[in-house]
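Single-structure report; data block below.
The values are calculated or read from the model by the stated rules, or taken from the named source; none is laboratory data. Since the structure is predicted, the reported quantities are computational estimates derived from the model, not experimental observations. As a convention, Cβ positions derive from the backbone with ideal geometry for all residues, glycine included, and neighbour counts pool all protein chains shown. These area figures cover heavy atoms from the full protein model, side chains too; ligands, DNA and RNA do not enter into them. Shrake-Rupley method; radii C 1.70, N 1.55, O 1.52, S 1.80 Å.
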Amino acid sequence: MRSFIVHTTFVSLLAWVTLTLALPSSKTANAPAATSTIGTNDAAQAAGKLYFGSATDNPFLNEDPTYKSILSNKSLFGQLSPENAMKWDATEPEQGVFTFTNGDAIVALAQANGQIMRGHNTVWGSQLPAWVSDSGFDNATLISVMQNHVSTVIGHYRGDMYSWDVVNEPFNDDGTFASNVFFDTIGEGYIELALQAASTADPNAKLYINDFNIEGEGAKATAMANLVSGLKERGVPIHGIGLESHFILGEVPTTLQAQMEAFTALGVEVAVTELDIRMTLPETDALLAQQQTDYQTVISACRAVADCVGVTVWEYTDKYSWVPGTFAGQGAADPWDENFELKPAYDGIIAGFSS
Ligand SMILES: *[C@@H]1O[C@H](CO)[C@@H](O)[C@H](O)[C@H]1NC(C)=O
Ligand SMILES: *[C@@H]1O[C@H](CO)[C@@H](O)[C@H](O)[C@H]1NC(C)=O
């Protein structure tokens, strides 16, 4: 019997070791936590910003009460963005057949909470149904399909949106226009046509072009500035540039604030629209400390630029982050951990809005 007991103990020990090693994060029980008690949106508004906000998505929005109750706290979040619910494949999966159920649920929640909305997005080369991307539509037909999509989606939410990402990710990293069905068929004029349709559909929404890798000086940021200054010269309605800000730990561009200032000098506002700061897992105290510094750097830049109106995190919690599913071995990119505990990054955000 004794050998049986030894064997059982050994098996339990093995099971414990295996379970411990299998935990998604190697944070210890005494992992550092945030100490700030002020809310992120309250801190943003005290700094003269319009909002601190978060992206959110269906269906977990309505299936996870803890998630929803934190998201609904206006001291924390004054603004919501739909992660996927308003994209083309979600809103017009078949030509002329529009579905707004998921988007409407997010708008209804924001309104119930007294939060403002950023609409995201109407014209983008990705998350397109095949009837658009593989259509073979000629130029005139695609213009009309695009105008109808923009008018219908933005028109449906007329009056509900602070801003819209009308055109998403129009550039390659070298500053050339990204190849997608709109650019390849219509030419760069698709951007102007989309903005005009958006303005007609909701004359009061701030109309943005949103992109990544434009957060620091470089060819792509210069291309965005040239595009926007040309649009403004021609009187095309354009009010904002969205800096997505999906950063890698330790790699926030040192020219972030200067780039924001270069954009706002064109006569548009800017916003940090999709902030997260990913690390190679497992997370360690040192990585979390660097992440705190990086969050503070980003928020400080927005605070310092008068026409940077706000900051949106692309999910507030690691539990629902897109990062691990897209970048193998990386994650822990958000200010709340997967158990809704505040990480040191939260203190970085509060410090960034204060100094
Ligand atoms: C909302 O968040 C603030 C800041 O963390 C906190 O003080 C407050 O208690 C929260 N409100 C609710 C209802 O949980
Ligand atoms: C598509 O049509 C528009 C409007 O007529 C025109 O301005 C544009 O140059 C055309 N694009 C191409 C690639 O022919």
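So for region 254-268 (the condition being small (Gly, Ala, Ser), outside any helix (DSSP H, G or I) and in contact (Cβ under 8 Å) with a residue 40 or more places away in the chain), does at least one residue qualify? Spell out how you get there, then give the answer.
Just the residues of region 254-268 that are small (Gly, Ala, Ser), to begin with: 258, 262, 265, 267.
Applying the additional criterion that residues be outside any helix (DSSP H, G or I) yields 265, 267.
After this cut, where a residue has to be in contact (Cβ under 8 Å) with a residue 40 or more places away in the chain as well, the list is none.
Checked against the condition, which is being small (Gly, Ala, Ser), outside any helix (DSSP H, G or I) and in contact (Cβ under 8 Å) with a residue 40 or more places away in the chain, region 254-268 yields no hits at all.
Scan region 45-67 for residues that are under 18 Å from the mean Cα position of the chain (by Cα) and either within 12 Å of ligand 1 (Cβ to nearest atom) or not in a helix (DSSP H, G or I) (or both) and jot them down. Step through it out loud before you land on a result.
Pass one, region 45-67, residues under 18 Å from the mean Cα position of the chain (by Cα): 49-61, 67.
Matches in region 45-67: Lys49, Leu50, Tyr51, Phe52, Gly53, Ser54, Ala55, Thr56, Asp57, Asn58, Pro59.
Are there any pairs, at least 6 apart or on different chains, whose C-beta atoms fall under 7 Å, with the first in region 37-56 and touching a residue at least 24 places away in the same chain (Cβ under 8 Å) and open to solvent by less than 10 Å² (accessible area, probe 1.4 Å) and the second part of a loop (DSSP other than H, G, I, E, B) and among the charged types (D, E, K, R), and if so, which?
Hits for this filter: Asn41/Lys74; Ser54/Glu315; Ala55/Glu83; Ala55/Glu315; Thr56/Glu83.
With respect to Ser126, determine if the residue is modelled with pLDDT under 95, among the hydroxyl-bearing types (Ser, Thr, Tyr) and either in contact with a strand residue (DSSP E or B) (Cβ under 7 Å, 6 or more places away or on another chain) or away from ligand 1 (no atom under 16 Å from the Cβ) (or both). Give the steps one after another, and end with the answer.
Numbers: modelled with pLDDT under 95: no; among the hydroxyl-bearing types (Ser, Thr, Tyr): yes; either in contact with a strand residue (DSSP E or B) (Cβ under 7 Å, 6 or more places away or on another chain) or away from ligand 1 (no atom under 16 Å from the Cβ) (or both): yes.
Taking the combined requirement at face value, the residue does not satisfy it.
May I ask you to verify whether Lys27 is surrounded by 12 or more Cβ atoms within 10 Å (Cβ to Cβ), of a type in the set (Lys, Arg) and modelled with pLDDT under 90? Explain how you work it out, then say what you get.
Working: surrounded by 12 or more Cβ atoms within 10 Å (Cβ to Cβ): yes; of a type in the set (Lys, Arg): yes; modelled with pLDDT under 90: yes.
Yes: the conditions hold for Lys27.
In region 171-193, what residues are within 13 Å of Met146 (Cβ to Cβ) and more than 13 Å from ligand 2 (Cβ to nearest atom)?
If the condition is that a residue be within 13 Å of Met146 (Cβ to Cβ) and more than 13 Å from ligand 2 (Cβ to nearest atom), then Asn180 is the only one that fits.
Report whether or not Ile154 is away from ligand 1 (no atom under 16 Å from the Cβ) and over 22 Å from Thr56 (Cβ atoms). Step through it out loud before you land on a result.
Numbers: away from ligand 1 (no atom under 16 Å from the Cβ): yes; over 22 Å from Thr56 (Cβ atoms): no.
Answer is no for this residue.
Specify the residue that is most open to solvent (accessible area, probe 1.4 Å); the eligible residues are those in region 174-227 that are β-branched (Val, Ile, Thr) and not in a loop (DSSP other than H, G, I, E, B). Break it down stepwise before answering.
Going through region 174-227, the residues β-branched (Val, Ile, Thr) turn out to be 176, 181, 185-186, 191, 200, 209, 214, 222.
If we keep only those that are not in a loop (DSSP other than H, G, I, E, B) too, we end up with 181, 185-186, 191, 200, 209, 222.
Numbers: Val181: 26, Thr185: 44, Ile186: 30, Ile191: 1, Thr200: 106, Ile209: 0, Thr222: 75 Å².
The extreme case among them is Thr200.
All but one of (1) at pLDDT 95 or above; (2) assigned to a loop (DSSP other than H, G, I, E, B) hold for Ser135; state the number of the condition that does not hold.
(1)
So which residues in region 73-89 are within 16 Å of ligand 1 (Cβ to nearest atom), open to solvent by less than 30 Å² (accessible area, probe 1.4 Å) and either more than 13 Å from the chain's Cα centre (by Cα) or not hydrophobic (A, V, I, L, M, F, W, C) (or both), if there are any at all? Explain how you work it out, then say what you get.
As a first pass, look at region 73-89 and keep what is within 16 Å of ligand 1 (Cβ to nearest atom): 73-80.
Okay, now just the ones that are also open to solvent by less than 30 Å² (accessible area, probe 1.4 Å), so 76-80.
Within region 73-89, Leu76, Phe77, Gly78, Gln79 qualify.
Going residue by residue through region 241-255, is there one that turns out to be open to solvent by less than 40 Å² (accessible area, probe 1.4 Å) and over 30 Å from Ala345 (Cβ atoms)?
There is no residue in region 241-255 that is open to solvent by less than 40 Å² (accessible area, probe 1.4 Å) and over 30 Å from Ala345 (Cβ atoms).
Name the pairs: first residue in region 213-234 and touching a residue at least 12 places away in the same chain (Cβ under 8 Å), second residue among the small types (Gly, Ala, Ser) and open to solvent by less than 10 Å² (accessible area, probe 1.4 Å), Cβ to Cβ under 7 Å, at least 6 apart or on different chains?
These pairs meet every condition: Ile214/Ala221; Glu215/Ser245.
Those residues that are over 20 Å from Asn210 (Cα atoms), in contact (Cβ under 8 Å) with a residue 24 or more places away in the chain and outside any loop (DSSP other than H, G, I, E, B), I need them from region 69-105; list them, please.
Ile70, Leu71, Glu94, Asn102, Ala105
Within region 138-173, work out how many residues are surrounded by 16 or more Cβ atoms within 10 Å (Cβ to Cβ) and assigned to a loop (DSSP other than H, G, I, E, B).
Counting residues in region 138-173 that are surrounded by 16 or more Cβ atoms within 10 Å (Cβ to Cβ) and assigned to a loop (DSSP other than H, G, I, E, B) gives 6.
Consider Ala286 against the criteria (1) in a helix (DSSP H, G or I); (2) open to solvent by less than 20 Å² (accessible area, probe 1.4 Å): it satisfies all of them except one. Which criterion is unmet?
(2)
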